[in-house]
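Written below as structure tokens is the structure these notes are about.
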Amino acid sequence: MGVDMNGAKLRILALVVLGSLPLKAAMASESQELSIDDLRARIVGSTMEYTSPIDTPVRWTNEPDGTTVVRFMHDRKRGMSHDAISPGEWSISESGKYCLTEHRDTAHGGVLHWCAPISVATDGSMSIQHGNSLIAIHK
């Protein structure tokens, strides 16, 4: 009595592929596109929040004049004596991406500039995927 491994592999592959289709369709239906002006209007005054790869909460508010202060809330239990702050500027690019320039001190890498697309769910919630971090946008 032999086991048909090729048939089992094909059935598993079919389940994986078919099982992912509804998820992809759901993800596609749960986002919407906004104009650059609409994105800018929704980002002004919003607060961005995520947890860094070293488990540090990071938060900033997008001021109407395009400035911000990024605050890294360090864990005192880990021996970090104070929060780190970086002044910065934010903008919405011509392609509709959120861009941030952080003016970190040289010990923390100096100036950092990045841009990432803004995801807007059908319920109106917004987020940004930046590297491995999902940044929540709160209005």
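The values are calculated or read from the model by the stated rules, or taken from the named source; none is laboratory data. From a predicted model like this one, the values you see are computed outputs, not experimental measurements. We place every Cβ from the backbone using ideal geometry, glycine too, and count neighbours over all the protein chains shown.
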Q) When region 97-112 is examined, which residues are found to be hydroxyl-bearing (Ser, Thr, Tyr) and more than 19 Å from the chain's Cα centre (by Cα)? A) 106
Q | Of all residues making up region 48-65, the number that are modelled with pLDDT of 90 or more and exposed (fewer than 13 other Cβ atoms within 10 Å of the Cβ) | A | 2
Q: Go through region 91-129 and give me each residue that's in contact (Cβ under 8 Å) with a residue 60 or more places away in the chain and in a strand (DSSP E or B).
A: 118, 119, 120, 121, 126, 128
Q) If you take the residues of region 87-124 that are within 17 Å of residue 47 (Cα to Cα) and of a type in the set (Val, Ile, Thr), which of them is surrounded by the most Cβ atoms within 10 Å (Cβ to Cβ)? A) 92
